Structure formats: structure tokens, C-alpha cells
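Every number here is computed from the coordinates shown, using simple stated rules; none is lab data. Quick caveat: nothing in here was measured; it's all calculated off a predicted structure. FYI the Cβ positions are ideal-geometry reconstructions off the backbone, even for glycines, and counts take in every protein chain you see.
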Amino acid sequence: MQHSQRKSFQDLYPNRIDIVILIILSVILLIVGLSLPILTVRKLWDSNTYSILTGIQNLWDEKYYVLAVVIFTFSIIFPIAKLVALSTVWFVRLEDQQRKKLIYWMEIFGKWSMLDVFVSAIIVVWVKLGALADAKAESGIYFFAASVLLTMVVSSLQSVLIKR
């Protein structure tokens, strides 16, 4: 299908409500995933539960500035930016070249959105190897991962549409 120069994907594919639903669901899952606990670490006498937001705050308070900024960038900025870009591609009237460029960059940076999930998994494994502590993944990590995976699906769907 030949795209008009200044139409949105929504204009070009008005029956594709699946993409709109996936974007909205991804936003909701991201908000829930950022606010719910992702990890509980138990020591012999102490237990701490962290969400992505509280984890970043704790890293900052403990003066791990670089790590706090890295987690903030990859866990908050990238997913939000990707959702904004996906929404822009879908709802805003763009030229084909602009749309292709946005989708290209989303595919490159989108892979890094799972960094927080991997960091949490590494922490769980690392802590479980010690005898004095235990770590457990909490529900927030699953919501966050689902949001990231849904944005990857939307990005793939939009990539297919741009190639038509």
C-alpha cells in the first residue's frame, strides 16, 4: 500500500484497533510495574522490598549515582520514550521517512528496555548463592516485563505496516 505523505497510521489503518489497545495496555502495565515491588531481599534479621522507583532512590541515596542514572535511563526514560514514539507513529501525521526513522530508532533502543528485568534476575541469582540472604522476584517485575514485551510487539507490528 502506498502511504500518503502526511497521514497517521491511524488514518491509514483505521480498523487496526489492536495496536491502540496494546499501546494503552503497555502504558498501564508500565505504570503498575514501576510502582509495585520488583524485588524482596531478606537477610537473617532484615527484609527490604524495592520497586524500580525506590531502588533508584536508594541507589542515589547510597551515592551510587552512575548506577542510579543507568537504571533510571533504561528502566524509566527508555520505556516512556518508546511509548511516546509508538504513539507518535500511530496517531501523528508524519511523512513516511519520519515514521521509518522513528521505528528504526525504537528497534535499536527498545532492546535496552529489558535491562532492569535482567538486573533483577541477576540480583536474585547472586543473592541466592549466598548463605545469609535470600531474594525473591515480586509482581512488579512481571508487569514491567509485560509492558516492555508489548511495546516490542507494537514496534514489530508498526515495522510490518511501514514496509507495506
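If the chain between K7 and V153 were fully stretched, how many nm would it gain, using 0.36 nm times the residue separation less the Cα-Cα distance?
Values: separation 146, 0.36 × 146 = 52.56 nm, distance 2.21 nm.
Extra length from K7 to V153 when fully extended: 50.3 nm.
In the stretch 9-162, a dipole from Cβ-located charges (positive for Lys and Arg, negative for Asp and Glu) runs towards its positive end, and of I38, F74, G55 it is F74 whose Cα lies farthest in that direction.
Calculated FRET efficiency, K101 to T49, Cβ-Cβ distance, R0 = 41 Å: about 0.50 to the nearest 0.05. Using alpha carbons only, the radius of gyration of the stretch 9-162 set against its Kirkwood radius gives Rg/Rh = 1.07.
Anything over 20 Å Cα to Cα? Flag those among K82/K136; K101/K163; K43/K63, in the order listed.
Violating the 20 Å limit, Cα to Cα: K82/K136; K43/K63.
In plain terms, the residue of E95, E138 with the fewest other Cβ atoms within 10 Å comes first and the most crowded comes last, giving E95, E138.
Extension gain, I21 to Y64: 0.36 nm times the residue separation minus the Cα-Cα distance gives 11.7 nm.
Between Y142 and S35, the contour length at 0.36 nm per residue exceeds the alpha carbon distance by 37.3 nm.
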